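Below is one structure, written out as structure tokens; comments come after it.
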Amino acid sequence: MKKRSFLLLEILIAFTLVTVCIVPLVKQPLKLYKREIEELEVMEMERLADWTFTEIKEIFLKNEISWDQIPGKGERSSSFPMSEATIEIPACKDKKIQREFHLTGRGEKQGLKGEIYRQLGVYVFLNKKKYTFRLPVQKIKVSIE
């Protein structure tokens, strides 16, 4: 009976070849997965910015920001803080997002019945990343006769 003394060496060489061939096959899908998670986070941030803008419009509809706090043409308001939000992506840890917004006056016109219209630039900041929106607002003069 013949003994095979090179069996262990052959197994080690085979294992090394399999490992060297498998690394590129595993590496590329992991890169794609990581990039997909990053893209999902970007999309969630954009969705959250849109949601924040709807909350800002609601603040204006409820008159929680007075006309004096709304900047005129060429002016900029101070920062308006908002509650913290959370981004939830499946299979990832939830992220807390700090939110605030600034207003800038882009234009002002007076209507036929005495109302004042202002075009605002709304800058939403989510963890210091800026998203820009536009919002027209109206002030109606009330005349007492």
TODO: Tell me, please, whether a residue that is within 23 Å of N127 (Cα to Cα), in contact with a strand residue (DSSP E or B) (Cβ under 8 Å, 6 or more places away or on another chain), among the small types (G, A, S) and not in a helix (DSSP H, G or I) can be found in the range 40-60.
DONE: no
Going through the range 18-65 in order, the residues found to be of a type in the set (V, I, T) and out of contact with any Cys (no Cβ under 9 Å at 6 or more places or on another chain) are V18, T19, V20, I22, V23, V26, V42, T52, T54, I56, I59, I65
Check the range 95-104 and report whether any residue there is more than 30 Å from E44 (Cβ to Cβ), among the hydroxyl-bearing types (S, T, Y) and part of a strand (DSSP E or B).
no
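Take the range 92-106 and flag every residue that is without any contact (Cβ under 8 Å) to a residue 40 or more places away in the chain and exposed (fewer than 13 other Cβ atoms within 10 Å of the Cβ).
Of the range 92-106, the ones without any contact (Cβ under 8 Å) to a residue 40 or more places away in the chain are 93-94, 96, 98, 100, 102-106.
Across the range 92-106, the qualifying residues are K93, D94, K96.
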Scanning the range 50-78 residue by residue, those in contact (Cβ under 8 Å) with a residue 40 or more places away in the chain and not charged (D, E, K, R) turn out to be T52, F53, I56, F60, W67, I70, P71, G72
E64 vs (1) of a type in the set (D, E, K, R); (2) out of contact with any Ser or Thr (no Cβ under 7 Å at 6 or more places or on another chain); (3) closer than 21 Å to L135 by Cβ; (4) not in a loop (DSSP other than H, G, I, E, B): all pass except (4)
Scanning the range 67-91 for residues that are part of a loop (DSSP other than H, G, I, E, B) and in contact with a His (Cβ under 8 Å, 6 or more places away or on another chain), the one surrounded by the fewest Cβ atoms within 10 Å (Cβ to Cβ) turns out to be S78
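Return the only residue of L32, L25, L40 being hydrophobic (A, V, I, L, M, F, W, C) and either surrounded by 11 or more Cβ atoms within 10 Å (Cβ to Cβ) or closer than 30 Å to Y117 by Cβ (or both). Full working, then the answer.
Details: L32 fails: either surrounded by 11 or more Cβ atoms within 10 Å (Cβ to Cβ) or closer than 30 Å to Y117 by Cβ (or both); L25 fails: either surrounded by 11 or more Cβ atoms within 10 Å (Cβ to Cβ) or closer than 30 Å to Y117 by Cβ (or both).
Exactly one residue qualifies, and that residue is L40.
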Log entry, pairs with first residue in the range 112-127 being touching a residue at least 60 places away in the same chain (Cβ under 8 Å), second being outside any strand (DSSP E or B) and surrounded by 13 or more Cβ atoms within 10 Å (Cβ to Cβ), beta carbons closer than 7 Å, six or more apart or on different chains, reads V122/F53; V122/I56; V124/A49; V124/T52; V124/F53; L126/M45; L126/L48; L126/A49
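Where a number appears in this text, it was derived from the coordinates with a stated rule and is not lab data. All of these numbers come straight from a predicted model, not from anything done at the bench. All Cβ positions, even for glycine, are placed from backbone atoms using ideal geometry, and neighbour counts span all protein chains on display.
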